[in-house]
Amino acid sequence: MEIRSILVNLDVDHFSPALVKCAGNLAQRFGADLIGLAAAGPSPELIGIEGAVVAATWYTQEREEIETRLRAMENEFRALTPPGIKVDWRPYVEAPNRSLVLNARCADLIVVGSRHGADGSYLRSVDVGDLVLTAGRPVLVVGAGVAEIKADKVVVGWKDTREARRAVSDALPFLERASDVIVVTIHEGDLAAEKASLNDVLGWLRRHGIKARGDVYPYESGAAVSLEETTKKLEADLIVTGGYGHSRFREWLFGGMTRDLLASQTISRFMSN
């Protein structure tokens, strides 16, 4: 897969110049188009019919405020994007996740910030867990305040699952450009099986011309913590991992590693489902 189009979500309440710069840098690196998206929806008011006029007025006012903010954000976005790349802007007056999933068909990679869900409102903040499971595209969750992901040294969090296999395949454009790829398996049971699986994925990466090494690392204070601590010790700035979960009546249920990695605010994470 080649990355030819990058979709970046910008939070209406917490616009991040660093995130725009990071996405723009990636677009330059991969020769990709950059699509900026921002979305927010007015809050529905569940009140009696006697308050319908007041509710309608309030709804209209909030919608106009959102539209004004979206126009201002377009100017901020375009001013921060680097010259020489094709840029598009897509504003929506609706929940961000709905807009992102709709526009995922246009993108090879979706980039979001680490403030996801900070305000607890699905109408104004992205639920990254929902996005990973529904977009059908890899999602890059950029660490808070990160303006550039060098990805010269990349850690692959490996567990022999469909999601991890998908993530490694989707991340090939990053892995091919890295000078050092370290595949990390966190020991959780059968060491012989873990090493056999690790050796197979290392062989697969090397056949793709990727300089890869790896090992099975001890489980310490949880798989996600172990993976993050190992990444920091290795001085890598990107983790590639599968996003494990499934839906049930619109409630997203995740494995412990995915849930904990989504909660992280520091290291950037590339996830596929």
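The values are calculated or read from the model by the stated rules, or taken from the named source; none is laboratory data. Remember, predicted model here, so these are calculated numbers, not experimental data. As a convention, Cβ positions derive from the backbone with ideal geometry for all residues, glycine included, and neighbour counts pool all protein chains shown.
Of the residues examined, Asp127 is one that is out of contact with any strand residue (DSSP E or B) (no Cβ under 6 Å at 6 or more places or on another chain), at pLDDT below 95, under 27 Å from Ala32 (Cα atoms) and of a type outside the set (S, T, N, Q).
A single entry from Asp180, Asp130, Asp152 fulfils the requirement of being over 25 Å from Lys233 (Cα atoms) and acidic (Asp, Glu): Asp130. Where helices (runs of 4 or more DSSP H) fall wholly inside the range 176-273, the ranges with 3 or more residues that are modelled with pLDDT under 90 and small (Gly, Ala, Ser) are 223-233. Any residue at all in the range 8-30 that's buried (at least 22 other Cβ atoms within 10 Å of the Cβ), among the acidic types (Asp, Glu) and farther than 18 Å from Ile149 by Cβ? Yes, there is a match, as at least one residue in the range 8-30 is buried (at least 22 other Cβ atoms within 10 Å of the Cβ), among the acidic types (Asp, Glu) and farther than 18 Å from Ile149 by Cβ.
Restricting attention to the range 137-192 and to residues that are of a type in the set (Asp, Glu) and either on the phi > 0 side of the Ramachandran plot or within 19 Å of the chain's Cα centre (by Cα) (or both), the residue that is surrounded by the most Cβ atoms within 10 Å (Cβ to Cβ) turns out to be Asp170.
Quick check on Thr134: is it touching a helix residue (DSSP H, G or I) at 6+ places or on another chain (Cβ under 8 Å), touching a residue at least 24 places away in the same chain (Cβ under 8 Å) and surrounded by fewer than 20 Cβ atoms within 10 Å (Cβ to Cβ)? Yes; evaluated as a whole, the condition is true for this residue. Residue count for the range 129-145, restricted to those that are closer than 13 Å to Ser272 by Cα and outside any strand (DSSP E or B): 10. Only one of the numbered conditions (1) in a strand (DSSP E or B); (2) touching a helix residue (DSSP H, G or I) at 6+ places or on another chain (Cβ under 6 Å); (3) not assigned by TED's automatic domain parsing to the domain that holds Ile210 is not met by Glu148, and that is (1). For Ala39, are the conditions met, namely being more than 24 Å from Ala167 (Cβ to Cβ), among the hydrophobic types (A, V, I, L, M, F, W, C), at pLDDT 95 or above and touching a helix residue (DSSP H, G or I) at 6+ places or on another chain (Cβ under 7 Å)? Yes; evaluated as a whole, the condition is true for this residue. Looking only at residues in the range 1-45 that are outside any strand (DSSP E or B) and without any contact (Cβ under 8 Å) to a residue 60 or more places away in the chain, the one that is nearest to His208 (Cα to Cα) is Gly31. Among the residues examined, Val111 does not qualify as crowded, with 18+ Cβ neighbours inside 10 Å, at pLDDT 95 or above and in the same structural domain as Gln265 (by TED's automatic domain parsing).
When the range 79-101 is filtered for residues that are in a helix (DSSP H, G or I) and either surrounded by 13 or more Cβ atoms within 10 Å (Cβ to Cβ) or in contact with a His (Cβ under 7 Å, 6 or more places away or on another chain) (or both), the ones remaining, listed by number, are Leu80, Pro96, Asn97, Arg98, Ser99, Leu100, Val101. Looking only at residues of the range 58-78 that are surrounded by fewer than 16 Cβ atoms within 10 Å (Cβ to Cβ) and not charged (D, E, K, R), we find that the one that is nearest to Tyr92 (Cα to Cα) is Thr68. One residue stands out in the range 224-244 among those that are aliphatic (A, V, I, L, M) and under 22 Å from Leu131 (Cβ atoms): the one that is surrounded by the most Cβ atoms within 10 Å (Cβ to Cβ), namely Val240.
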